[in-house]
Amino acid sequence: MPIDLKTVRHTAELARLDPGHGLSPDEAEAALAKLADELAGIVAHIDILSEAETSGVEPLYSPLIEAPAPREDRPADCAHIEEILRAAPDRVGNFYVVPKII
Amino acid sequence: MSELYHLTLSEAREKLLDREISASELTAACLGRIERSEPEIRACLTVMAEQAVQTAAELDRRGPDPERPLWGLPLGLKDLYCTKGVRTTAASRMLENYVPAYDAHVVSKLKEAGAVLMCKTNLDEFAMGSSTEFSAFGLTRNPWDQSKIPGGSSGGAAASVAAYQTPGGLGTDTGGSIRQPAALCGCVGLKPTYGRVSRYGILAFASSLDQAGPLARRVRDVAWLLKVMAGPDDRDNTCSTRPAEDYPSAAPGKLKGLRLGLPQELWEARLDPDVAEVVKKAFAALEAAGAVLIPMAMPNLRYSVAAYYILATAEASTNLARFDGLRYGRRSEKPRDLTELYTASRSEALGPEVQRRILLGTFALSAGYYDAYYQQAARVRRLIRDDYFQALDRCDFLLAPVSSLPAWDFGRFAHDPVTVYQLDLMTLPVNLAGLPALSLPAGLGPRSGLPVGLQLIGRPFDEMNLLGAGLAFEEAFPPLL
């Protein structure tokens, strides 16, 4: 499966990444093209997966050999609001501040 | 070898308990060593000198405590473990000034066990890499040859231990990130079974592959660290409820009659002549000691790099979605709207390899490609694990190279991500299968003079026997540090 510029642009948008961020339009285009090349190179190697015979094989998403058990539901001490909010880039009182959205 | 910082973790432990040395003396010796070696090695992103001196003094005031297995021992932590009140960066601009409000589970356990936390060690950004060159905060040099990389992603941890800055340290292993740097720096490194150690408070890369583990200069040393790290934690529901075992009491196994399976798909890969030579000698020594080497076909390993780079990047793309510039981490200046805040913060603060992997993972999970890539990789993952289980039914342990190359020059693969990914072939299938593996020094390459490692791979939760076999190997192949 070839990865073209359009696919990279769409994927970057989904990932909230802009490979051309802070670059001039020409440089941004070049950065995107380079990334498309790199990703295409990687995906070309990954395409070997299609050769594996997997019909009837259940996907394995976790190597756990024991089913995880939920923990007991009881109150416990955790970090306090002030400690957590100290890491916030911008805040007012107990709220995170974001740019106006509506 | 008379300096205190040369003591192995187990030796230092004995001397501390016998009051032959104090925690403060050992801490001061290691801090001095860090200060002298850092200008060249640059293994540390943060040195916790003041806290370490205070902790050691406090421990000394109360006196040695045999109930605290790591009493007075100075340790390094890969800068991926959250440390309350101490900057935790993941070697990323995104978290350059992030100070966690809590300790990782493992960090709390180390503190309870009496360890003296000394430094936060360098890594590839968010543990994505095999050479530590992707750190946003500079290169770490291999103490064996400073023109070479230390391996990665726990390159700082391995270089720190190899430079005698601390007798042991903690890394994480998602696709070889403990075992490979351990091998390239001549250390012992253990990747425990998936679920053996809690991942709570470790910045997540790929949650179904990540596992925390120790690095040190002897097998017994990593056993002491594992004893403290392992065990249940209800804040990580993938963490097993099995209690930790008394790993340091593992009895040395016997090489005579030991059945070692050799995964053919790995041994037939092209090995650097230096690696091949050390391995040839190692095989001869093992056979002379009575071990039985059994070549084993594990045909699905040929798909492992491809499956890994889909699954690991898919998980990374979701895990790293949390870095949005809102709640913690770096925020872009003056974004026009919320979407630009997300996009600009991430694009400015995440490095090129991290962005590449997020994009690859997003691609693999996106509509139209999910079945062909993500699902197919997960099916192949089961086949790979089945190969391991079948192979382990026919032998005691599997024996594999750790890296097809000894430590390489800085920049050698800078423009070639695919080749670097292929280099992980030796280590990453073990993560797909969730098995424990112990990376051990096997000797020095005759041409390069650089360390070459071998890894033993065991059954799930069989760390006790794996360490026992490691002790037998250690007798056959003397430590390099």
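The values are calculated or read from the model by the stated rules, or taken from the named source; none is laboratory data. Being a predicted model, the structure only gives us computed values, none of them experimental. A quick note on method: Cβ atoms are made from the backbone with ideal geometry, for glycine too, and the neighbour counts reach across all protein chains shown. We work out accessible area using only protein heavy atoms, side chains counted, and drop any ligands, DNA or RNA first. Shrake-Rupley method; radii C 1.70, N 1.55, O 1.52, S 1.80 Å.
General remarks:
- No other residue among A:Gly20, A:Gly56 is more than 8 Å from chain B (Cβ to nearest Cβ), crowded, with 16+ Cβ neighbours inside 10 Å and not in a helix (DSSP H, G or I) apart from A:Gly20.
- A single member of B:Ala29, B:Ala56 is surrounded by 15 or more Cβ atoms within 10 Å (Cβ to Cβ) and free of Cβ contacts under 8 Å to residues at least 60 places away in the same chain, and it is B:Ala29.
- Checking B:Leu383, B:Leu392 one by one, the residue that is over 22 Å from the mean Cα position of the chain (by Cα), within 10 Å of chain A (Cβ to nearest Cβ) and on the phi < 0 side of the Ramachandran plot is B:Leu383 and no other.
- Qualifying positions in segment A:31-53 - within 7 Å of another protein chain (Cβ to nearest Cβ), part of a helix (DSSP H, G or I), without any contact (Cβ under 8 Å) to a residue 12 or more places away in the chain and of a type in the set (A, V, I, L, M, F, W, C): A:Ile42, A:Ile46, A:Ile48, A:Leu49
- Per the listing A:Pro89, A:Pro68, the residue uniquely touching a Lys or Arg at 6+ places or on another chain (Cβ under 8 Å), open to solvent by 30 Å² or more (accessible area, probe 1.4 Å), assigned to a loop (DSSP other than H, G, I, E, B) and facing chain B (nearest Cβ under 7 Å) is A:Pro89.
- Single residue of segment B:331-352 satisfying the filter (closer than 16 Å to B:Leu95 by Cα and more than 7 Å from every other protein chain (Cβ to nearest Cβ)) that is surrounded by the fewest Cβ atoms within 10 Å (Cβ to Cβ): B:Glu333
- Near pairs, Cβ below 6 angstrom, 6+ apart or cross-chain, from segment B:462-481 (in contact (Cβ under 8 Å) with a residue 60 or more places away in the chain) to any residue that is open to solvent by 30 Å² or more (accessible area, probe 1.4 Å) and part of a helix (DSSP H, G or I): B:Ala476/B:Ala285
- Looking only at residues of segment A:92-102 that are open to solvent by less than 100 Å² (accessible area, probe 1.4 Å) and facing chain B (nearest Cβ under 8 Å), we find that the one that is modelled with the highest pLDDT is A:Tyr96.
- Selection within segment B:240-252: residues that are free of Cβ contacts under 8 Å to residues at least 60 places away in the same chain and assigned to a loop (DSSP other than H, G, I, E, B). The member of this set that is surrounded by the fewest Cβ atoms within 10 Å (Cβ to Cβ) is B:Pro243.
- Flag if B:Gly445 is surrounded by fewer than 24 Cβ atoms within 10 Å (Cβ to Cβ), touching a residue at least 60 places away in the same chain (Cβ under 8 Å) and on the phi > 0 side of the Ramachandran plot: no
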